[in-house]
Amino acid sequence: MIEIVALSDAMREVIGLAERVATTDANVLVTGESGAGKELLARRLHALSLRASGPFVKVNCAGVPLEMWESEFFGHRKGSFAGAAADREGRFQLADRGTLLLDEVSAMPPAGQAKLLRAIQDGEFERLGDEQATRVDVRVVASTNSDLEQEVQQGRFRADLFYRLNVVRIDVPPLRERRDDIPLLARHFADRIAQRLGRPAPELPSGTLARLSAYPWLGNVRELRNVIERAMILDPARGLEDLDLVHGVPAAPPPEGSPLAGRELNLRDALNKLERELLLEAHRRADGVRKDAAHLLGIDPRNLSYYMRKHDLDADSVEE
């Protein structure tokens, strides 16, 4: 069974919703930042479904070259194009009686969206070079770190496909909004990595856990795991005692006379305020060009929509 390590109320609510919808055949749209755990949740949905004995097939929509898109999703017959030396089954056929995860679905080309809609709506498609339709029974789970509703409004994503995918929506919160999970996840990763390396599980002192819990983790769960693995590999003698390899994690409270002394230290409020200020300043410097603003912030442009929505910012408000 796919395990999701979580203690926070926010994540337990997400897991509860996933468990309620898992036994249905409803299509699910999983949203959230990169590294937050969208794929793990999709695998959990499949494992709890009536299709659990069937295949779980993942396709990264952003990683499929445009010229290979139709063949990748729907397959082809031998000789249907130059280089087609044999018949090939596409991802839909491979996922028959199982679950198909469309990762980064917002990156799907417009030409492919109509064909995907038909496959989801009618349960059939034609392979390249094949005049006869192939029928499949597939449950679709789509994931994205973009704001698909905004993509629809701007004409980059089909509204009818969005509604087909968005039967049930599950938003996976970023790690900094479920800080109760950080110590639990840190211990989980440390144990798993130690087992893989053939070493005893390292100690995680309370001071280390406090520092980990205070860190913003813009790369989410994936970044947390990478930090712990890097520390265990590069400095095994010290293990996870102080995590000097974590750049930016505060090692101690601010001394007297520092800019933080005497200020309100509610971490969530402070981070939210700082995030909003950074968003506004980045848009000001970038003259409202979102791609440039994302570059200044050091984040993927597709994550910028999430932050804008989180802080109730839109194009008009950032230009004021």
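A few remarks follow.
- Matching entry among Arg164, Arg225, Arg156 (being assigned by TED's automatic domain parsing to the domain that holds Leu101, under 23 Å from Asp300 (Cα atoms) and basic (Lys, Arg)): Arg156
- Qualifying positions in the stretch 128-145 - assigned to a loop (DSSP other than H, G, I, E, B) and under 20 Å from Pro55 (Cα atoms): Val136, Asp137
- Among the numbered conditions (1) not in a loop (DSSP other than H, G, I, E, B); (2) not assigned by TED's automatic domain parsing to the domain that holds Glu149, the only one that Glu19 does not meet is (2).
- Test for Ser49: is it free of Cβ contacts under 8 Å to residues at least 24 places away in the same chain, under 22 Å from Asp137 (Cβ atoms), out of contact with any His (no Cβ under 8 Å at 6 or more places or on another chain) and not charged (D, E, K, R): no
- Taking the criterion of being of a type in the set (Ser, Thr, Tyr) and either closer than 19 Å to Arg225 by Cβ or not in a helix (DSSP H, G or I) (or both), the residues of the stretch 201-215 that qualify are Thr208, Ser213, Tyr215.
- Filtered residues of the stretch 125-138 (kept if in contact with a Ser or Thr (Cβ under 9 Å, 6 or more places away or on another chain) and either surrounded by fewer than 22 Cβ atoms within 10 Å (Cβ to Cβ) or of a type in the set (Phe, Trp, Tyr) (or both)): Phe125, Glu126, Leu128, Gly129, Asp130
- Residue selected from the stretch 288-303 under the condition under 20 Å from the mean Cα position of the chain (by Cα) and among the charged types (D, E, K, R), by the criterion farthest from Leu218 (Cα to Cα): Lys291
- Any hit, the stretch 14-33, residues being of a type in the set (Asp, Glu), closer than 30 Å to Pro301 by Cβ and out of contact with any Phe, Trp or Tyr (no Cβ under 8 Å at 6 or more places or on another chain): no
- Restricting attention to the stretch 51-79 and to residues that are modelled with pLDDT under 95 and part of a loop (DSSP other than H, G, I, E, B), the residue that is farthest from Asn166 (Cα to Cα) turns out to be Gly79.
- Tally, over the stretch 146-199, of residues that are aliphatic (A, V, I, L, M), under 16 Å from Gly219 (Cα atoms) and either in a loop (DSSP other than H, G, I, E, B) or in contact with a Phe, Trp or Tyr (Cβ under 8 Å, 6 or more places away or on another chain) (or both): 3
- The listed residue being more than 24 Å from Ala18 (Cβ to Cβ), aromatic (Phe, Trp, Tyr) and under 23 Å from the mean Cα position of the chain (by Cα), out of Phe56, Phe125, Phe92, Phe73: Phe73
The values are calculated or read from the model by the stated rules, or taken from the named source; none is laboratory data. Owing to the predicted nature of the structure, the values given are computational and were not obtained by experimental measurement. Ideal geometry is used to build each Cβ from the backbone, glycine not excepted, and the neighbour counts take in all protein chains shown.
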